[in-house]
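Engineer: Sharing a structure below in structure tokens format, with a few things to ask.
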Amino acid sequence: MVTPKIIKAGEAPADAVLACYRIADVASPRVPSVQARCDGCDARIWVALSSPNVRRKICLQCAIEEAKAAGDDPTLLATEIQMADAKKHAH
Ligand SMILES: [Zn+2]
């Protein structure tokens, strides 16, 4: 089981999982993005053009489910994502 982690572009290991917002949840992305499909549930997701090139791209919901399954604290993951998002938003 791969644990979702928050990573910066350029630091992505080959087995990294990219957690993306669902298009259903975020009508328009804040950064230039392309549409893709979640590798977990096939939901439509936004993938930022600046994203690292990783094998798996999944939606935020699947990332939280995978964190739970891996025994990580999904609350922590969600908080990290929100914090990363808040930082992006501050600029
Ligand atoms: Zn999904």
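The values are calculated or read from the model by the stated rules, or taken from the named source; none is laboratory data. Quick caveat, the model's predicted, so the values are computed rather than measured. Neighbour counts are summed over all protein chains in view; Cβ atoms, including those assigned to glycine, are modelled from backbone coordinates with ideal geometry.
Engineer: Which members of the stretch 54-78 meet the condition of being more than 10 Å from the ligand (Cβ to nearest atom), without any contact (Cβ under 8 Å) to a residue 60 or more places away in the chain and not in a strand (DSSP E or B)?
Structural biologist: The initial filter retains those residues of the stretch 54-78 that are more than 10 Å from the ligand (Cβ to nearest atom), namely 54-56, 67-78.
From what is left, the residues that are without any contact (Cβ under 8 Å) to a residue 60 or more places away in the chain are 54-56, 68, 71, 73-76, 78.
Scanning the stretch 54-78 gives Val54, Arg55, Lys68, Gly71, Asp73, Pro74, Thr75, Leu76, Ala78.
Engineer: Hey, can you tell me all the residues within the stretch 17-53 that are buried (at least 18 other Cβ atoms within 10 Å of the Cβ) and more than 14 Å from the ligand (Cβ to nearest atom)?
Structural biologist: Correct list: Ser33, Ser51.
Engineer: Counting only residues that are touching a Leu at 6+ places or on another chain (Cβ under 8 Å) and at pLDDT 85 or above, which one in the stretch 37-91 is nearest to Ala16 (Cα to Cα)?
Structural biologist: Arg56
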